[in-house]
Every structure is written in C-alpha cells, then in structure tokens.
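The values are calculated or read from the model by the stated rules, or taken from the named source; none is laboratory data. Treat the numbers as computed from the prediction; the structure is a model and nothing was measured. Cβ: placed from backbone, ideal geometry, glycine included. Neighbour counts: every protein chain shown. Remember, those area values only see protein heavy atoms, side chains included, never the ligands or the DNA or RNA. Shrake-Rupley method; radii C 1.70, N 1.55, O 1.52, S 1.80 Å.
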Amino acid sequence: MTRKSEAQINPKAAQAAAVDVARRVGALLRRHLHASKHAHEVTQHDIKLDLDVRCQKIIEKALLSAFPQSALLGEEGVAGNPEAEYRWVVDPIDGTVNFAYTIPHACVSIALQRRTPEPGPATFEDGYETIVGVVYEPFSNELWTAICGNSARLNGRIIHVSDRRRLDECIISIGFAKTRENLEATLPYFLELVHKVRKLRIMGSAALALTYVATGRFDAYIERGIRLWDIAAGGLILECAGGVFWREAVAGAHAYRMIASNRMLRKQLRVPN
Ligand code: LIP
C-alpha cells in the first residue's frame, strides 16, 4: 500500500484500503467464531472481548499508515489528531455479544468522515460527514460499500431500499442498547409497534440492521442510545441505497437516537426520546 502524504484523501483509495483491512479482520473473526474468547469487560447487557481491541489495532495500523493525515475514532479508543480533517470511524466487531455466543451475525464497520465547513443534512453534530462506508459480514461473506454521491453495493451489485409503505407488510428491526434506561424507554414502543407490523426483529448489530434496510431485507431500523461507530458506515450505505437516515445526538459521547427507513415509512415511525 503506497503512503498517501497529500492532504486530500481519494474516496476510492480509502474504500479500497477499508475493504482490504475489513476482509482481513473478517477472516480473523471467522477463525475465532468457535474458539474460546476472553472478555475484559462483562455487564448485564454487554460484553467486550480482547478480540475487539486486537481487531481495532489491525484496522488502525492499516489505515493510519496508508493515510497518515487521518485520525481514528473507534469503539475501542481513539488514535491520531482529534482535530484532523479526516477521521476513520470504526467498530471492529459490531455485534460483539452475538460473536461471543458463536452467533454468526456480526460485522466489521469502517467509515471515513471529513470535517465539513458547510454543515448540511448529512453533517453530524461535531461537523463531520461520512464520505465512505464499508460493512463486512464475514460469515455470509457479504460486503456492503458506498461512496457519498454514488450507489450502495452489496458484493459489487447495486442495492436499493424496499418500497413497502404499509406497516402491516413490513419487517422492522429495533435495537435495544446496553443500559436499563434505554431498555425501559424502548419497550413501550416495541409493544406498540409489534401489533402494527408483519414482524419485529432484534438482531444485535446496528451496522447490519442498517445494511439490511439498504438491501430491502428490513424496511426500517430504530434504536436510541446507539454510538457513532455502530451507525456511521451503515448510515451512508443506507442513504446511497435511497433510504432515510434520521438521527439526533443524545446524552453520551457520540450517542444518537435514530430512525433508518425506506422513503415510504419515515412519517409512520418514531424513536423514543
Ligand atoms: C451493538 C449494537 C447494537 C446495540 C448493542 C451494541 P457492539 O454494538 O450494534 O445495535 O443494540 O447494544 O451496542 O457493542 O456489538 O459493537
């Protein structure tokens, strides 16, 4: 990989580097799915594995050496200049609890963001916009990619959100983040929505829920208290697939409440405050 010393980062070169390291980390996850795993933090509704840290270090080394002007913000920590114009936003294993229980529904999520001088609808509250998104699910070998302004792709084929508009025909995913407060705030809406839709799904990976909406497998995905590294790549992939990625910052570092949907459903859905 040649070093990129110029200030600008070419999105295609960035995507290629992200895909390469996502595939390498994905191969590691496949090898370790049934191996014993060491957790360095366990709470009622969350597990953090040593492998999370190891995978983020692999991603950090690959991307910051190829693009030394960039920084990295990840679930397992930060690297580089926090004021950098470009930052990678990384969840090395999204769906860690699934992975820890050998459930093959987890992925590598890598986004490249750029600080924007002119905030717009795609700008996050700290002034960054996502320009490249890569989500790799290594167990089914499904690779989603998107570059801002271009089509989203699954294994190279262009994808698009569903056009279902009747809630009673829809599959909607709800995420239950890690805290009691999030669970208690979300459950009433779960009980309301479950009677209106075809099926509700709780799958345990925000990034994959977003790519499933982008692919038309789900019609919407809702979660509160979710972190930027869970949703940055999948959110761009969804938007490039014609979907709506509404989000609002909430209390907590890089925390959001969000509704991801096709264009027909947005007004029929809400996310608990
Ligand atoms: C997970 C998210 C999921 C959320 C979980 C957890 P992790 O990310 O993808 O949507 O409900 O609480 O935050 O921790 O597996 O990277």
- Item | Shape call, segment 151-221: gyration tensor on alpha carbons, a/c limit 1.5 | oblate
- Could you run the Debye sum over the Cα atoms of segment 64-131, one equal point scatterer each and no solvent, and tell me log10 of I(q)/I(0) at q = 0.16 Å⁻¹, two decimals? -0.62
- Item | Between 0 and 90°, nearest 10: helix 50-66 axis offset from the chain longest Cα axis | 50
- Note on the structure: Surrounding charge for Leu143, neighbours by C-beta under 9 angstrom, Lys/Arg +1, Asp/Glu -1, total 0
- Percent relative contact order for segment 106-197, counting Cα pairs under 8 Å at least six residues apart, stands at 17
- Message: If you average the C-alpha positions of segment 40-58 and of segment 164-204 separately, how far apart do those two centres end up, in angstrom?
- Response: 26
- In segment 77-154, what GluC sites (Glu not before Pro) fall in a loop by DSSP, with at most 12 other Cβ atoms inside 10 Å? Glu83, Glu125
- Query: Taking a 21 Å limit on the Cα-Cα distance, which of the listed pairs Lys196/Lys267; Lys61/Lys178; Lys37/Lys57 fall beyond it?
  - Reply: Lys61/Lys178
- Task: Please state the charge dipole magnitude for the chain, taken about the Cα centre, from unit charges on C-beta atoms (+1 on K and R, -1 on D and E), reported in debye and rounded to the nearest 20.
- Result: 740
- Message: What does the C-alpha gyration tensor say about the overall shape of segment 112-256? Classify as rounded when a/c is under 1.5, otherwise prolate if a/b is larger than b/c, or oblate.
- Response: oblate
- Task: Relative to the longest principal axis of the C-alpha atoms of the chain, give the angle of the C-alpha long axis of helix 11-32, reported between 0 and 90° and rounded to the nearest 10°.
- Result: 70
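Run lengths n ≥ 4 of DSSP H only: what is the helix-derived mean residue ellipticity at 222 nm for the chain, with -39500 (n - 2.57) per run over all residues, to the nearest 500?
-9500 deg cm²/dmol
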- Answer with one residue from His40, Pro138, Leu64: the one whose Cα lies farthest towards the positive end of the charge dipole of the chain, charges on Cβ with Lys, Arg +1 and Asp, Glu -1. Pro138
- Message: With every protein chain kept in place and ligands, DNA and RNA left out, what is the accessible area per residue of segment 202-273? Probe 1.4 Å, answer in Å².
- Response: 31
- Query: Pulled fully out, how much extra length does the chain show between His195 and Asp20, if you take 0.36 nm times their separation in residues and subtract their Cα-Cα distance?
  - Reply: 58.7 nm
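Classify segment 3-85 from the C-alpha gyration tensor, please: rounded if a/c falls under 1.5, else prolate or oblate depending on whether a/b exceeds b/c.
oblate
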- When the Karplus curve 6.51 cos²θ - 1.76 cosθ + 1.60 is applied with θ = phi - 60°, which whole-Hz ³J(HN,Hα) does each residue of segment 247-264 get, with x for Gly and Pro? 8, 9, 5, 10, 4, x, 5, 6, 9, 9, 10, 8, 10, 10, 7, 6, 7, 8
- Task: Please calculate the 1.4 Å probe accessible area of Val19, with all protein chains present, and give it to the nearest 10 Å².
- Result: 30
- Between beta-carbons, use under 12 Å as the cut-off and find the net charge around Asp50, counting Lys and Arg +1, Asp and Glu -1. +1
- Kindly state, as a whole number, the per residue volume in cubic angstrom of the convex hull around the alpha carbon atoms of the chain. 120
- Assigned charges on the beta-carbon of Lys, Arg, Asp, Glu; segment 124-273 dipole about Cα centre (debye): 480
- Message: How large are Rg and Dmax for segment 1-139 when calculated on the C-alpha trace, in angstrom?
- Response: 15.4, 48
- Item | Area of Cys240 that stays accessible when all protein chains are in place (1.4 Å probe, Å², to 10) | 30
- Longest principal axis of the chain (C-alpha) makes with the long axis of helix 206-215 (C-alpha) an angle, in degrees to the nearest 10, of 80
- Roll a 1.4 angstrom probe over the protein heavy atoms and tell me the percent of accessible area of the chain that is carbon or sulfur. 52
